[in-house]
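Here's the structure, in structure tokens; my notes come after.
Only the coordinates and a few stated rules stand behind these numbers; no lab work does. Computed from a predicted structure; not experimentally measured. No Cβ is skipped: glycine too gets one built from the backbone with ideal geometry, and neighbour counts run over all protein chains shown.
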Amino acid sequence: MSSWNSPNKVLYGTGSSKTVGQQLVKFGCKKVIVVYDKGIEAAGIVAKILGYIEEAGIEIVKYGDCLSDAPDYTINEAGALARKENVDGVVAVGGGSSLDTGKGVCILLSNEPPIQQYFAQPSKPPAGDISNLKPLILLPTTAGTGSEVTPGGAVADTEHNTKENFVCPISLGIIDPELTLGLPASVTATTGMDAFCHAFEAVTSNDPNPFSNLYGGKALSLVAKYLARACKDGSDLEAREGLHLAATMASMSILGPYCNIPHDIGAVICMDHNIPHGIAVSACLPEIIKFIAPACPEKLRIVAKAFGIEDVSDAEIGDKLSKAVLNLMNEVNMPPLSKFIKTKEDLLASVPKIMETQNFFFSSRPVTEGDVTDILSKSWDLRN
């Protein structure tokens, strides 16, 4: 018996963001806080969304200081503003960090601050009251995290320098590929590889199910087909549509198996070395593929199919797929770990923290401290 959680309502399609004001009216909102980061604002995306909301006659409170990896203090700051202004809804526009900030604000509208007291704990019920939350609409501007369909947020615990999670259901996700047009190739690549990792981890999990394989397998094929195209031509709408659909489906695929080795390792090195999330979770992917290959060759065939790799033996699947993924990473210019970390020794210094904070519960192969050291060491050598 397997478990899978059906996501919230979503609107998908080019131009769907233009309906955000109408959707807020349906929820009965009169005054909302809109959260975003300065990059999205500079790109002109925020002004469009604000215009759609204003056209619907809804009052707006702005918070434009979202930061990468959603630090706890920015969520608390935005939450305090929302409470002070007595808003009755939350709209988040941007990448995963802005969407996670919006989720945190939504929690703090119905629960006393700070956000730190709502960090999820294993085997414990969700902290805080999530039964009477204000409407929350998310508009992703990157095709990566799939936060618009995951009932929880990620937050950086700045006191302990760790990545934590909290529970927050979503009212509506509006997925408009037009919002990703012109996204820089570097951001397209890193967010796209994050989506790839979500799908990869779902289908190679030790507890996959028909839903995770369906959504994950399709997401993998879409990323393999469209990521390089979108990086080469940011105005390629077909590629943008394919990647946005991939990101959403990839995130849906992990609503049961959940993440494993790439995100377990990436969550720690991201915080320890200030590495962008998509780079951190995908940095070791080629070596992780070879590591798990003996334990799940049939599962890797689902991934390999996305690259047109078929009729390959169990003994060869790991190497062939690893090379295909490495070629994709090189084609889209994913930066090596050495861009963020001075030495291999500095990278390996994160191993004890990885073993202390991560459990690798959904990995298809048991993971030891020596395995993590080996994966990180070989990954450093592979692309440096």
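Highest average first, the peptides 284-290, 193-199 ordered by how many other beta carbon atoms sit within 10 Å of their residues are 193-199, 284-290. Take the Kirkwood radius over Cα pairs of the range 10-180, plug it into Stokes-Einstein at 37 °C and 0.692 mPa s, and you get 211 µm²/s for translational diffusion. Spacing of the modelled spin labels on Asp236 and Leu348, each 7 Å from Cα toward Cβ, amounts to 4.0 nm.
With contacts defined as alpha carbon pairs under 8 Å and 6 or more residues apart, what's the relative contact order of the chain in percent? Across the chain, relative contact order equals 15 percent. Within a straight-line Cα-Cα reach of under 22 Å, Lys26 can be paired with the following lysines, leaving aside sequence neighbours fewer than 8 residues apart in one chain: Lys9, Lys18, Lys48, Lys62, Lys103, Lys134. Using 0.36 nm per residue and subtracting the Cα-Cα separation, the extra length available between Glu54 and Lys84 on full extension is 8.7 nm.
Can you tell me which of Ala120, Ala82, Ala156 moves the most in a GNM of the chain? Springs connect C-alpha atoms under 10 Å apart. Maximum among the listed residues: Ala120. Here is how the number arises for the chain: DSSP H runs of 4 or more residues each give -39500 (n - 2.57), the sum is divided by the residue count, and the result at 222 nm is -15500 deg cm²/dmol. A straight chain from Ala42 to Asn5 at 0.36 nm per residue would run longer than the Cα-Cα distance by 9.7 nm.
Among 346-352, 202-208, 322-328, sorting by the average number of other beta carbon atoms lying within 10 angstrom of each residue, highest first, gives 202-208, 322-328, 346-352. Computed from Cα atoms, the angle from the helix 185-203 axis to the main principal axis of the chain rounds to 70 degrees. With a Förster radius of 25 Å applied to the beta-carbon distance between Ser338 and Glu298, the computed FRET efficiency rounds to 0.10.
Under 5 Å between amide hydrogens, built in the peptide plane, is the criterion, and for Leu11 it picks out Gly173, Ile174, Ile175 among residues at least 5 positions away or on other chains. What's the center-to-center distance, using Cα atoms, between the range 74-88 and the range 286-349 in Å? So the two Cα centres are separated by 43 Å. Scanning residues 5 or more positions from Val61 or on other chains, those with amide H under 5 Å from its amide H are Val32, Ile33, Val34, with H placed 1.01 Å from N in the peptide plane. Listed by chain and number, the aspartates and glutamates placed with their C-alpha closer than 15 angstrom to that of Lys320 are Glu287, Glu298, Glu310, Asp311; residues fewer than eight positions away on the same chain are left out.
When the Cα positions of Leu328, Pro352, Pro177 are compared along the charge dipole of the chain, Pro177 comes out farthest toward the positive end, with charges on each C-beta of Lys, Arg, Asp and Glu.
The angle between the Cα long axis of helix 96-110 and the main principal axis of the chain comes to about 50°, on a 0 to 90 degree scale. What is the helix-to-structure angle for 261-273, meaning the angle in degrees between its Cα long axis and the longest Cα principal axis of the chain, kept from 0 to 90 and rounded to the nearest 10? On a 0 to 90 degree scale, this one is about 70.
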